[in-house]
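What follows is a single structure, written as structure tokens, with notes after it.
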Amino acid sequence: MFSFIHAADIHLDSPLRGLELSEDAPLDEIRGATRKAFDNLVDVAVQEKVNFVLLAGDIYDGDWKDFNTGLFFNKRMVRLKEVGIKVFIVSGNHDAASQVSKSLRLPENVYVFASRKPETRILNDIGVAIHGQSFAARSVTEDLSNSYPQANDAYFNVGLLHTALSGREGHEPYAPCTVAGLIAKGYQYWALGHVHQREIVHEDPWIVFPGNIQGRHIRETGSKGCTLVTVASGRVTRVAHVPLDVLCWQQCRIDVTDSRNVDEIYERVQKHLENALAAGEGRPVIARLELFGTTPSHHKIQAQSAYLAEEFRNLALDLGGQGLWLEKIRFNTKEILDLDAFIQSDEALGSLIQSLMSLQLDPESLFEIDPDIDGFLNKLPPELRSGDEPFDPADPDQWEEIRSDIKNLLIARLLESGGVQ
């Protein structure tokens, strides 16, 4: 019997973009989360006395700012070497983009598979054959698995591969392949990487995405970690998820439909934040708060959005102490008031509201207002075009969302100033 750890998408020292946290949030601790999660992975490997560790790509997050990232990784590999644990790695798209990491000399217990063609490493003492191939470039569009050798019947065969399979939402379709193609190789376990959401794609043979070890932004919610695999008599007997993350991300979408006033909305927000904190199971929680639904309090919410945002941030601090922070707050409510009937009435504000509702907001219409708008959009700071929700000036859906937000805010304030309740 033997055991191994399968992990992927470490993204050491990955920068966190787009955070709108308060000044009292532990930003240094948050930025160091990937390192702490990787330390947890090494701890588990040592405690479980696994025979080897598989890292299925994206150890790094592109080029390092300095050599500290590589030195950190090497020191952890040395710790595994001291207890006799081997490490096998395939480079992923982010690793291939790193020029610095290619020059790093690794400890002798670590083997990185070549990128020219698939290789096989044999562990005769436990009867294991590990097959793998690294990315040669950031973008790999061919099916690497197609060239992997057929299973050696004398060994327990593991395929180590960085791939999107036939495609996964939110991930580039690198090294595309099919489940049927992987099964046809005859391996007992396929250790995949690239997809950040844990997924058991197939059992017997096992085809597994372990997910990343630490969520890096609001789309990467839920428990993050590695997969611990136990093998006996040539068969997988246990596949277990082991949490490694040191902070978690939560999305709190709160339906405020029919909420009669802001106090009721506050109570609903409090309940959801309490649930988010509990879901963290003792880990710090970074949550995104979104209010949606049709409510008579809509125009008050829109008109007082800045004040309410601060109230909700203070509520999070009161509930979590130093363990709960709001990353972003969105107000996407709708008004119960029949605006069409209101526009047709004799109200003085009707025509102005009608103009706001017909407001167009996209590059073409803005160009008619300001011919220099293209130059302005090209000067937008890089951080707006990166992160988990980058702004794309060519995306009509994003312009529609902006238009909707502006329209709702202006109409809400007009209604409030006009005394409409």
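The values are calculated or read from the model by the stated rules, or taken from the named source; none is laboratory data. Since this is a predicted model, take the numbers as computed values, not measurements. Heads up, the Cβs are rebuilt from the backbone with ideal geometry, glycines too, and the neighbour counts pull from every protein chain shown.
Being under 25 Å from the mean Cα position of the chain (by Cα) and of a type in the set (Val, Ile, Thr) is a description that does not apply to Ile130. Here the range 209-232 is the region considered, the condition is being crowded, with 21+ Cβ neighbours inside 10 Å and in contact with a Phe, Trp or Tyr (Cβ under 7 Å, 6 or more places away or on another chain), and the residue that is modelled with the lowest pLDDT is Gly215. Touching a helix residue (DSSP H, G or I) at 6+ places or on another chain (Cβ under 6 Å), crowded, with 17+ Cβ neighbours inside 10 Å, at pLDDT 90 or above and not assigned by TED's automatic domain parsing to the domain that holds Ala287: is that true of Val50 in this structure? It is false that Val50 is touching a helix residue (DSSP H, G or I) at 6+ places or on another chain (Cβ under 6 Å), crowded, with 17+ Cβ neighbours inside 10 Å, at pLDDT 90 or above and not assigned by TED's automatic domain parsing to the domain that holds Ala287.
Hey, could you check the range 302-324 for residues that are aliphatic (A, V, I, L, M) and in contact with a helix residue (DSSP H, G or I) (Cβ under 8 Å, 6 or more places away or on another chain) and say which is surrounded by the fewest Cβ atoms within 10 Å (Cβ to Cβ)? Applying the filter and picking the extreme gives Leu319.
Only residues that are over 20 Å from the mean Cα position of the chain (by Cα), at pLDDT 75 or above and not in a strand (DSSP E or B) were counted across the range 1-47, and they come to 7.
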